[in-house]
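Have a look at the structure below, then the notes.
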Amino acid sequence: MVPYLLTILCVLVAGAIHWAFPKTFWKSTLMSTAVILLFSIAALFIFKASGMLMTEAGEDPDFSGKLLMITALMSFFGLLISIFVGWFLRVVRA
C-alpha cells in the first residue's frame, strides 16, 4: 500500500508544479523532482515510525546504511514521473 500512496503523491506533485509553470519545462521537472524526493524520504521515515513498514520477519527495517542508494533510486523515480507527467500535460494543454 505504501508504494501506491507514494506514487499517487508523486503524480499529484508533478502535475501541480507542471500545471503552475507550463512554460519552463525543465525547471518545473527539476523542481518537482526535488519536491518528490523530499516528500518520499519524509514519507519513508513517517511510515517507518508509524509501523507501516515491516520486514518479512515482522521487524522494523533498518535502512540507515542504504540511505544513499534509496535517495538515488527515489531521485530517478521522481525524475521519470516528472518527465512523463510534464510531457502529458504539455500535450493535453496544447
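The values are calculated or read from the model by the stated rules, or taken from the named source; none is laboratory data. No experiment lies behind these values; they were computed from the predicted model shown. Note that we place each Cβ from the backbone using ideal geometry, even for glycine, and neighbour counts take in every protein chain shown.
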Notebook entry, point to check: Within region 86-94, can one find any residue that is part of a helix (DSSP H, G or I), of a type in the set (Gly, Ala, Ser) and within 17 Å of residue 4 (Cβ to Cβ)?
Noted result: no
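Do you know which residues across region 21-64 are assigned to a loop (DSSP other than H, G, I, E, B) and modelled with pLDDT of 85 or more?
21, 22, 23, 24
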Next item on the list: Working carefully through the options 89, 37, find the one that is surrounded by 12 or more Cβ atoms within 10 Å (Cβ to Cβ) and in contact with a Gly (Cβ under 6 Å, 6 or more places away or on another chain).
Entry: 37
Note to self: Quick test for you: out of 20, 49, 57, pick the one residue that is in contact with a helix residue (DSSP H, G or I) (Cβ under 9 Å, 6 or more places away or on another chain), loosely packed, with under 11 Cβ neighbours inside 10 Å and hydrophobic (A, V, I, L, M, F, W, C).
What the structure shows: 20
Next item on the list: Could you please find all residues in region 60-86 being small (Gly, Ala, Ser), surrounded by 13 or more Cβ atoms within 10 Å (Cβ to Cβ) and without any contact (Cβ under 8 Å) to a residue 60 or more places away in the chain?
Entry: 75
Check: Of the residues that sit in region 60-94 and are among the charged types (D, E, K, R) and in contact with a helix residue (DSSP H, G or I) (Cβ under 9 Å, 6 or more places away or on another chain), which one is nearest to residue 26 (Cα to Cα)?
Finding: 90
